[in-house]
Amino acid sequence: MNSIIIDGLSFSLPLFIIALGGIYCEGSGVINLALEGLLGFGAFFGGLSFALLSATFLGNSPSLIYLSLFFAMFGGALFAGLHGLMCIKFKANQVISGVVINMLSVSLTAFFANQINASVFGHASNKFQLEIFPRVTIPFISKIPVLGAFSTNMYTFEFIIVIVALFMWYLLYKTPAGMRLRACGDNPHAVAASGGNVNKIRFWAIIASGAMAGLGGMCFAYSISTNFSPSIYMGFGYLAIAAYIFGNWKIGPTFLACILFGFARSAGYVIVQKLQLPSSYSDLVLTLPYILTLVLLIFFSSANKPPLSLGEIYDQSKR
Amino acid sequence: MDTLVEFKHITKRFPGIIANNDISLKIEKGEIFAILGENGAGKSTLMSMLFGMYLPDAGEIHVRGKLERISSPLVANNLNIGMVHQHFKLVENQTITENIIMGIEPVKRKLGLFPYVDLETANRKVKEISEAYHLEVNPTDVIQDLPVSTRQRVEILKMLYRNAEILIFDEPTAVLTPQEIESLLHIIQNLRDNGKTIILITHKLDEIKKISDRCAVLCKGQLVGVLPVATTSTNEMSALMVGHEISDTIVKTEYRAGEEVLKVENLQVISNQNVTLVDNVSFSVHRGEILAIAGVAGNGQVEIADAIAGLTPLAQGSIMLGGHDISHENVRKRIEGGIAYIPEDRHSVGLILDLSLRENLCLKQYYQQPYCKQNGILDFPNMEKLGSQLISDFDIRCSSGDDTIVRSMSGGNQQKAIIAREIQLNAKLLIFVQPTRGLDVGAIEAIHQRINALRSEGKAILLISLELDEVMKLADTILVMYNGRIQTIRKASELTKLQVGEYMMGVHVEKK
Amino acid sequence: AGNAEKQGSQQVGLNIAIITTPSGVDDGSFNEDNYDGILAFIANHPEAKVTAIREPSGDVAMALKAVSDVVAEYDVLVCTGFQFSGIGELAKENPETKFILVDTYPTDKAGNSIELPNVYAMQFAEQESGFFAGVAAALETKTNKVAVVNGVAYPSNVNYQYGFECGVIYSNAKFGTKAELVELASQAGTDVTGANVGGNYVGSFADEASGKILGEQLLAQGCDIIFVAAGASGNGVFTAAKESNGKLKCIGCDVDQWNDGVYGDKNIILSSVLKVMSLNVERALNKIQDGTFKGANVLLRADSDSTGIVKTAGRQQMQASTIEKLDTAYSLVKNGTLVPASNFGGFSPEQFIVK
Amino acid sequence: MLKKNNIGKRFLVVCCGPGKHQVLRTSLFCILMSLFAGGILLLFLGENPLVAYKSILQGAGILPKLRYAGKKSQFTDFMSLLNYTTPMIFAALSVAVALTCGIFNICVSGIMIFSGFIATILIGYTSLDPVLAKVLVVLIGVLCGSLMGVLIGYLKYRFNMNEVVVAIMLNYIINYVVSFFIQTKFIDPITRQSVSINPNARLTLFDFPAFGLKIEIALMIPVALAAVFAIRFLMTRTRFGFEMKAVGLNSTASRYAGMEVPKIIVSTMILSGALAGLAGVTFYLGSNASIQPRVLPALGFDAIAVALLGNLSAIGSMFASLLVVIFDCGTTYMSSRLGVLREIAALITSILLLFSAIGIFFRSLANRYAHEIEEN
Ligand SMILES: Nc1ncnc2c1ncn2[C@@H]1O[C@H](COP(=O)(O)OP(=O)(O)OP(=O)(O)O)[C@@H](O)[C@H]1O
Ligand SMILES: Nc1ncnc2c1ncn2[C@@H]1O[C@H](COP(=O)(O)OP(=O)(O)OP(=O)(O)O)[C@@H](O)[C@H]1O
Ligand SMILES: [Mg+2]
Ligand SMILES: [Mg+2]
């Protein structure tokens, strides 16, 4: 049971922060199919910064790990800027842009990882080796049964994610900027008429979504393989999309959806272990979260309501 | 009086059209200045430039004697200019207060650190203003649950909240009841008396006559004149506007009820949220009869129309068309059975804006001979024939014939296209919902003539309108809805405009 | 990299291509080892040159297409990986081109193994390498619990697993260790004949996340040494080891995986067992160079130093006594006294006889 | 102001401005721009872009190579190009058809595996008469694809389930379940993929001996071309095509006009699914002969971009497929001849899609310039 919670959380939370990025972007009215590419590019950028910095002056200081998270956010944001440019400046179809960004991310990171490894480190490789991420157990709470598992052997990034998520929640629902951002997703003309700059708001929403996706991607890179490699493109970005659509573009329900994914996943492993099924059944186990989602969606979808102007290219002169 | 706003040689082009051509105008402080003109004359465009939605291609705008470059609504706000837009600009899933304060949110800090929007104060202030101006709203209501007239109020409150001095109203009365219009006009006068300057765009000449001081007439992007309202008759105004005189009367043949075409019995419609929208409504419409349903927006009229057309399922009751029960037939069956329907929302229901005019004109017949052959292949020559015929018969103005993309056409012409399509269906029953909303007098007149002609041909007509004048002018029988129920149903000749207005407000409750 | 003009005569030097799939020659692992063999050859024959070509999908049909796209351009094609087994037909049609095939034998149209005069195909006795891993693990374990993690129960993986199990049995019998094999029933493998072979299989070679969870489960069972032969899924096990705070060490496979085990200033790699591909690729190239090349399908063993375990100081962290005992075992395997069980070797680890 | 970049503007107007074939001209312009951008990238890497592009064309069989392997020639390379284009055409059509009706079908990959797998196990391992086997394979492809299409369409209209999420979930589920069966029942231990199918069932005549060569003959290419024209006809000329378009643009208005929106959505998804199914069988039982477990075919995702590159039109999709597959097929040869990373080609393809995504921007910009120039 404990391992379900510990593993589940360490998977759910990065997924959640990526989905939260999606909520920001789509909440402002811009479709974001690019999450997969953004998380990958973020992880690439984080991995690159880690490799460069540890090779030069910082050595093996643990602060580097946290610094690389920051760089991953920066990288994700940077690449999201391209999505923003495409969708806002060039008025490209947002679905197309997302698909293209994903493809571009895969080929760009592979290309640059190879080139940089070859030219900077003198050893061609498509990977950047990372450190393991520190884990902590909170002294007293962890003794409590079940609940304790939520505070046992946690990656410190889980706390970072929770803090970032709380901050982003506050930003979206409590501040003027957040209110306008949500209004942009509903009726951008209303925002323009009250003096807001729709394109600017949307652009920053996209940037924020990139940063969050980058953060999540980097956490996956640390927790799953302790390196950046093309295997970061495992489809978690798409899973995050499913999560926030499942969560009806709202932060709370999306969080629950991510928890569900994570726990269903880790529960699957425990179940096969308990049932002693042979390893070839692991394929079937892996379908568990997806089947569960499909079934739940049947019941919850009728209330599904995407932001009204989602996918509409904002054109001031269009009425 | 001193000049507050001055337009100097303003020109604004849109691809393929000059919306404003060298317009020079002065607006004095403290007056109600009306702007009049046909659909597409350039009124909204001119005012949008004053409000910073567009920049003029040429010319200058001076405010309080100073040359200003109004590049965004924010600049306009700072110049104390406010605008009520023709098409509401409201965020559906936020509350009234949130909509009103957008852009100038009052902010407090938690722990002296985290800024947050102070909704409490805002709610209070909105409430105060709404009470002060008699525009009652509940600040915490969410827009998507509100009827159109309340939304209109929110738009006005938005401007008042900003403390604007120059108030632009772009067709504010199009969706209001006579009583509401009356009170709005009153409010506008009040505002003027409090020293505000008002620019009013409307197609309703009597409103202009009633409250405004001066009036500018635009025609095809050009200013044709600025008139003192007190000394000009409405006929003169409209003549100037359209280039010829318009008669306000129609020649109606005497009402002789023919056989029953539509019979609605005990109709009940329940919304997705389990709210009863239409409750126990029964009526019938006969050949050669115009039955008008009057009522304040959101009292179930539109749902009746949707239920008859098959767009909304019935919870209870039955609908008979020509003696045949159609309660559970699908939309197409009903169309084929003889129902034509001009819906309220032409943009999202009546038309597919990104298709060509031709395709829209064939929208209800594309699948039949002669537009589609037996094997499912469309017959383009025949579609074109229909398209060009309707375009000329109904004088639909469009830039590139039947290939014009409908989105690029003006609202009036879009409406004409729908009416043309529905009339040519040659149906037994025609349902018109708000057929003249937002149209200029010329266009309205033409449509009224059409409806009257259809009546003479022996069609049964169900007219749903918020415009009481329209109801009074056309109806043989008037049905007034209030809260989803029938308030009264009577011969038109037995009712006065005032009475209908009172029924609409739910004043008399008729005993049965 | 230079322009790959096919050279008319051998004096100008061999024009070599290495075709890999789906990762490249710089994967720090399998492909790189082969590439190193070529580079070693070129160091001695500077007139020769090599072009690296990668086929990213890893699909056999695409691998075959990639080879046929470039076959006319080179004297020698080094094809690394089981994906290239289908080149038999192509090799027949291009008798002038020499093929070096690693980890698989060529097959004809119908999928049967064939020998061709221009194809030198090598496979390795993985069970021997696995055996060394088993001995090392049994000698080094402190909890007396060890395990092997594999990808999918294909013959090469089963060989590693069986070899490892035999190694543990051998060490327990000969050196008095008390190592116990941990097998999660839920991760048992089913080999290509449908037989249950036990072991711990991830079920994929590319699922790092599942690999990590498997590693954690084994750690929870008390294992302190895991032999990892699971491709990229193995990275997940490494991650679990790195996060275990020194409780868990891994034995790498195929190539020296020391670099993959670094974390901070520590390392989780106990040692790595080897398939010595670089040496064999270089040998084959030398034969082509001096004209003694003969096509063959060979199974390479310790007797040609083609299997083994890393003993270099600084690349492993075994005790000196362990290395000594490994040397004994190595010579016994080399001279054929000890034959570890393999997938199709005719006997299972349980039937392994300790001589 | 206009004077300064007049030439640039005029050039853009000529390329993308109003007039005949504007969409087509814009697409070509975008392709040129991306080749140009890719060229700059290659220059940075110290390679001659012209040589690089030439070697891509050589690798794809459009231009002759310097030398050929035994039993190969430019003709065989070209035939192989067609062989790989065939599934791409089907997949791109599948995406285009669904998107015309406003449905974003990213389940093409999943449907491909599903139909490929079913056809493989039902027909691929039998020794039926070749003609019968091939016909059955095609039918099974269509059938399986349509089934998945119905499922997605039904879930969308009946439960309002977002088709993107459904597709993502289905992709995963199908992928893992098929992988399970392959790993447990149909695995070939040497190739680690499903056992190769009987050539009788294969939709490509592989290594077909003719003219002393060994040719890949894609039997489905005529079917694919027929499908292109049939879909074009369907979308532009028929009642159903009109309904699809109308529902895609505005489903409320379509319902108002009497169209049965759910029926149209489900029918569209049947069609889209059937095309994806065809893509699946031509891929797994045509250009390939076995299935890689746990790998979603990248082709299914590339098809989205290809369909968009082709402006969602049938003919456009066909040419876009050819273009993208040329890049795909020529990459290995280019990488071999120039010794550059093959990622370059993928990068250029991505740039190409990037440019085509903003084609609409170039078009409106050119329209605006055209007006300006007219007025001056
Ligand atoms: N965004 C736009 N893009 C292109 N043309 C436009 C746009 N807005 C307005 N126009 C053109 O400008 C002209 C004036 O439009 P405007 O909206 O100002 O008319 P109006 O007088 O307000 O009409 P109405 O009474 O229908 O509201 C129209 O005929 C139209 O052709
Ligand atoms: N996107 C657009 N592109 C080009 N012209 C437009 C566009 N939108 C509106 N117009 C122009 O604006 C003019 C006025 O349109 P508008 O929608 O204001 O008409 P309307 O009579 O007010 O109808 P409604 O009340 O339904 O909006 C039309 O002549 C039309 O040509
Ligand atoms: Mg207007
Ligand atoms: Mg109007």
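Would you work out which of A:Y233, B:L495, C:F132 lies farthest towards the positive end of the dipole of the protein assembly as shown? Charges go on Cβ: Lys and Arg +1, Asp and Glu -1.
Result: B:L495, furthest along the dipole toward the positive end.
For segment D:196-278, just say rounded, prolate or oblate: build the C-alpha gyration tensor, square-root its eigenvalues into a ≥ b ≥ c, call rounded for a/c under 1.5, and beyond that prolate if a/b exceeds b/c, oblate if not. If you can, show how the numbers build up before the last one.
Working: a/c = 5.90, a/b = 2.92, b/c = 2.02.
In terms of gyration-tensor shape, prolate.
Interface B/A, total buried accessible area with a 1.4 Å probe, nearest 100 Å²? Each step should come with its number before you reach the end.
Details: alone 23180 and 15270 Å², together 36220 Å².
Roughly 2200 Å² of accessible surface disappears when B and A pair.
What size of dipole, in debye to the nearest 20, comes out for segment D:69-310 about its Cα centre when the only charges are +1 on Lys and Arg C-beta atoms and -1 on Asp and Glu C-beta atoms? Could the numbers behind the result be given before it?
Values: 16 positive and 9 negative charges, 49 e Å.
Approximately 240 debye in magnitude.
If one puts a single equal scatterer on every Cα of the protein assembly as shown and applies the Debye formula without solvent, what log₁₀ I(q)/I(0) results at q = 0.05, 0.06 Å⁻¹?
Scattering profile of the protein assembly as shown, log10 relative to I(0): -0.49, -0.68.
Of all accessible surface on segment C:38-112 at a 1.4 Å probe, what whole percent is carbon and sulfur?
Numbers: 1200 of 2230 Å².
Whole-percent figure for carbon plus sulfur exposure: 54.
Please list log₁₀ I(q)/I(0) at q = 0.12, 0.15 Å⁻¹ for chain A, using the Debye equation with identical point scatterers on the alpha-carbon positions.
Taking Cα atoms of chain A as identical point scatterers yields -0.83, -1.22.
Computed over the Cα atoms of segment B:3-242, what is the convex hull's projected area averaged over all directions, in nm²? Provide the component values of the computation, followed by the final result.
Working: hull surface 55.9 nm².
Here the figure is 14.0 nm², rounded to one decimal.
Check each of the GluC sites (Glu not before Pro) in segment B:326-368 and keep only those in coil by DSSP with at most 13 other C-beta atoms within 10 angstrom; list them in order.
Numbers: sites: B:E329, B:E336, B:E344, B:E359; in loops: B:E329, B:E344.
Passing sites in segment B:326-368 do not exist.
Which of C:S342, C:S321, C:S271 ends up with the largest GNM mean-square fluctuation for chain C, with Cα atoms connected below 10 Å?
It is C:S321.
For peptide D:138-145, what's the mean number of Cβ atoms from other chains within 10 Å of each residue's Cβ?
Details: counts 0, 0, 0, 0, 0, 0, 0, 0.
For this peptide, the per-residue mean of nearby foreign Cβ atoms is 0.
What percentages make up the Cα-Cα pair-distance distribution of segment B:317-474 when the bins are 5 Å wide from 0?
Bins of 5 Å from zero give 2, 9, 18, 20, 21, 16, 10, 4, 1, 0 percent of pairs.
Putting +1 on Lys and Arg Cβ atoms and -1 on Asp and Glu Cβ atoms, find which of B:I486, B:V406, B:A427 reaches farthest to the positive end of the dipole of segment B:391-489.
Of the candidates, B:I486 comes out farthest on the positive side.
For the interface of D with B, what's the total buried accessible surface in square angstrom, probe 1.4 angstrom, rounded to the nearest hundred?
On the way: alone 18710 and 23180 Å², together 39670 Å².
So the total buried area for this chain pair works out to about 2200 Å².
For the pair B:Q273 and C:K311, what calculated FRET efficiency results from E = 1/(1 + (r/R0)^6), where r is the Cβ-Cβ distance and R0 = 56 Å, to the nearest 0.05?
Numbers: r = 76 Å, r/R0 = 1.36.
The value I calculate is 0.15.
Quick one: 3J(HN,Hα) in Hz for segment D:171-187, Karplus 6.51/-1.76/1.60 with θ = phi - 60°, rounded, Gly and Pro as x.
Using θ = phi - 60°, the values come out as 3, 5, 4, 4, 4, 6, 5, 4, 4, 4, 5, 5, 5, 8, 10, 10, 7 Hz.
For B:H324 and D:A226, FRET efficiency with R0 = 60 Å and r from the beta-carbon atoms, rounded to 0.05? Write down the numbers at each step before the final one.
Working: r = 46 Å, r/R0 = 0.76.
The computed FRET efficiency comes out at 0.85.
Within segment B:298-314, list the residues whose amide N lies under 14 Å from a label point set 7 Å along Cα→Cβ of B:L425.
The answer is B:305-312, whose backbone nitrogens lie closer than 14 Å to the label point.
Roll a 1.4 angstrom probe over the protein heavy atoms and tell me the percent of accessible area of chain A that is carbon or sulfur. Don't jump to the answer; show the numbers that get you there.
Details: 7920 of 11000 Å².
Reported share for carbon and sulfur atoms: 72 percent.
For segment B:3-242, what is the charge dipole size about the Cα centre, in debye to the nearest 20, if Lys and Arg each add +1 at the Cβ and Asp and Glu each add -1 at the Cβ?
Details: 27 positive and 29 negative charges, 131 e Å.
The dipole of segment B:3-242 has a size of about 640 debye.
What's the ranking of A:309-315, D:282-288, B:293-299, A:283-289 by average number of surrounding C-beta atoms within 10 Å, highest first? Each step should come with its number before you reach the end.
Numbers: A:309-315: 17.1, D:282-288: 29.4, B:293-299: 24.6, A:283-289: 22.3.
Listed from highest to lowest mean packing, they are D:282-288, B:293-299, A:283-289, A:309-315.
Please report the projected area of chain D's Cα convex hull averaged over all directions, in nm². Write down the numbers at each step before the final one.
Details: hull surface 90.1 nm².
Spelled out: convex hull of the Cα atoms, projected over all directions, averaged, 22.5 nm².
Provide the convex hull volume over Cα atoms per residue for chain C, in Å³.
Numbers: hull volume 48.1 nm³, N = 355.
So the per-residue Cα hull volume is 136 Å³.
Calculate the dipole size of segment B:342-392 relative to its Cα centre from +1 charges on Lys and Arg beta carbons and -1 charges on Asp and Glu beta carbons; express the result in debye to the nearest 20. Before the final figure, lay out each step's value.
Working: 5 positive and 6 negative charges, 40 e Å.
That gives a dipole near 200 debye.
Kirkwood hydrodynamic radius for segment A:89-178: how many Å is it when counted over pairs of different Cα atoms? Could you put the intermediate results ahead of the total?
Details: mean 1/r = 0.0562 Å⁻¹.
In segment A:89-178 this quantity evaluates to 17.8 Å.
Can you tell me which of D:A246, D:A91, D:A274 moves the most in a GNM of chain D? Springs connect C-alpha atoms under 10 Å apart.
Highest fluctuation among the options: D:A246.
Ignoring ligands, DNA and RNA, what percent of the 1.4 Å accessible area of segment B:354-422 is carbon and sulfur?
Numbers: 1260 of 2720 Å².
About 47 percent, which is the carbon plus sulfur part of the accessible surface.
At a Förster distance of 35 Å, what's the computed FRET efficiency of C:A43 paired with C:E324, Cβ-Cβ distance as r, to 0.05?
Values: r = 33 Å, r/R0 = 0.95.
Here the calculated transfer efficiency is 0.55.
I'd like to check one number: the per residue accessible area of chain B, probe 1.4 Å, reported in Å² as a whole number. Numbers along the way, then the final one.
Details: 21070 Å² over 512 residues.
Per residue, chain B has an accessible area of 41 Å².
Using the basic label-point model (7 angstrom from Cα toward the beta carbon), what is the A:E312 to B:H347 distance in nanometres?
Label at A:E312, label at B:H347, 0.7 nm between them.
Okay, which of segment B:145-170 sit inside 13 Å, backbone N to the point 7 Å along the Cα-Cβ direction of B:A132?
What the label zone holds, given the 13 Å backbone N cut-off, is B:157-165.
Enumerate the whole-percent occupancy of each 10 Å bin, from 0 to the last occupied one, for all C-alpha pair distances of segment A:186-319.
Taking every Cα pair in segment A:186-319, the percentages come to 10, 29, 31, 19, 8, 3, 0.
Taking every residue in D:256-269, how many Cβ atoms of other protein chains lie within 10 Å of its Cβ, on average? It would help to have the intermediate numbers written out before the result.
Values: counts 16, 16, 14, 7, 3, 1, 0, 0, 0, 0, 0, 0, 0, 0.
If you average over the peptide's residues, the count of other-chain Cβ atoms is 4.
Which order do the peptides C:249-257, B:319-327, A:106-114, B:252-260 take when ranked by the mean count of other beta-carbon atoms within 10 Å per residue, highest first? The partial results should precede the final answer.
Numbers: C:249-257: 25.8, B:319-327: 16.3, A:106-114: 21.4, B:252-260: 11.9.
Ranked by mean Cβ neighbours within 10 Å, highest first: C:249-257, A:106-114, B:319-327, B:252-260.
Chains A and C: buried accessible surface, both sides, probe 1.4 Å, rounded to 100 Å²?
Accessible area lost upon association: around 2600 Å².
Answer with one residue from B:L357, B:N452, B:P343: the one whose Cα lies farthest towards the positive end of the charge dipole of chain B, charges on Cβ with Lys, Arg +1 and Asp, Glu -1.
Farthest along the dipole direction, towards plus: B:L357.
How far apart, in nm, are two points set 7 Å out from the Cα along the Cα-to-Cβ line at B:K491 and at B:K210?
Computed distance between label sites B:K491 and B:K210 equals 3.0 nm.
In whole Hz and in residue order, list the ³J(HN,Hα) couplings for segment C:78-83 that follow from phi through the Karplus curve 6.51 cos²θ - 1.76 cosθ + 1.60, θ = phi - 60°; x for Gly and Pro.
9, 10, 10, x, 5, 4
With only alpha-carbon atoms counted, please give the Rg and Dmax of segment B:354-422, in Å.
Using the Cα atoms of segment B:354-422, the pair Rg, Dmax is 11.6, 37 Å.
For chain B, evaluate the Debye formula with one uniform point scatterer on each Cα (no solvent term) and list log10 I(q)/I(0) at q = 0.07, 0.11 Å⁻¹, rounded to two decimals.
Rounded to two decimals, the profile gives -0.42, -1.04.
GNM, chain D, Cα, under 10 Å: largest mean-square fluctuation among D:S313, D:S321, D:S254?
With Cα springs under 10 Å in chain D, the top fluctuation among D:S313, D:S321, D:S254 is at D:S254.
Once label points are set 7 Å from the Cα along Cα→Cβ at both A:F70 and B:S282, what is their separation, rounded to one decimal in nm?
Using points 7 Å along Cα→Cβ, the separation is 7.7 nm.
Provide a list, ordered by number, of residues in segment C:202-239 showing at least 30 Å² less accessible area with every protein chain present than when their chain is taken on its own, using a 1.4 Å probe.
Relative to the lone chain, where solvent access is computed with a 1.4 Å probe, segment C:202-239 loses at least 30 Å² at C:G203, C:D207, C:E208, C:A209, C:S210, C:K212, C:I213, C:E216, C:Q217, C:N235, C:T239.
Rounded to the nearest 500, what is chain C's calculated 222 nm mean residue ellipticity when only DSSP H runs of at least 4 contribute -39500 (n - 2.57) each, over all residues? Can you show the working numbers first?
Working: 9 runs with 120 residues, N = 355.
Using -39500 (n - 2.57) per qualifying helix, the result is -11000 deg cm²/dmol.
Please pull out the direction-averaged projected area of segment D:55-139, using the convex hull of its alpha-carbon atoms, in nm² to one decimal place. Write out the running numbers ahead of the final one.
Values: hull surface 33.1 nm².
Averaged projected area of segment D:55-139's Cα convex hull equals 8.3 nm².
Which whole-number percentage describes the relative contact order of chain D, with Cα contacts under 8 Å and a sequence gap of 6 or more?
34
Rolling a 1.4 angstrom probe over the protein heavy atoms, how many square angstrom per residue are accessible across segment C:52-94?
Details: 800 Å² over 43 residues.
Roughly 19 Å² per residue, with all protein chains present.
Within 10 Å of each Cβ in peptide A:289-298, how many partner chain Cβ atoms are there on average? Round it to a whole number, please.
Numbers: counts 3, 9, 5, 1, 6, 9, 1, 0, 8, 6.
Counting Cβ atoms of other protein chains within 10 Å of each residue's Cβ and averaging gives 5.
Can you list the residues of segment C:62-106 that have at least 50 square angstrom less accessible area with all protein chains present than in their chain by itself, probe 1.4 Å?
Those residues are C:K65, C:D69, C:A72, C:E73, C:F82, C:E93.
The values are calculated or read from the model by the stated rules, or taken from the named source; none is laboratory data. Nothing here was measured: the structure is a model prediction, and the numbers come from that model. Note that we place each Cβ from the backbone using ideal geometry, even for glycine, and neighbour counts take in every protein chain shown. Surface accessibility is based on the protein's heavy atoms, side chains included, excluding ligands, DNA and RNA. Shrake-Rupley method; radii C 1.70, N 1.55, O 1.52, S 1.80 Å.
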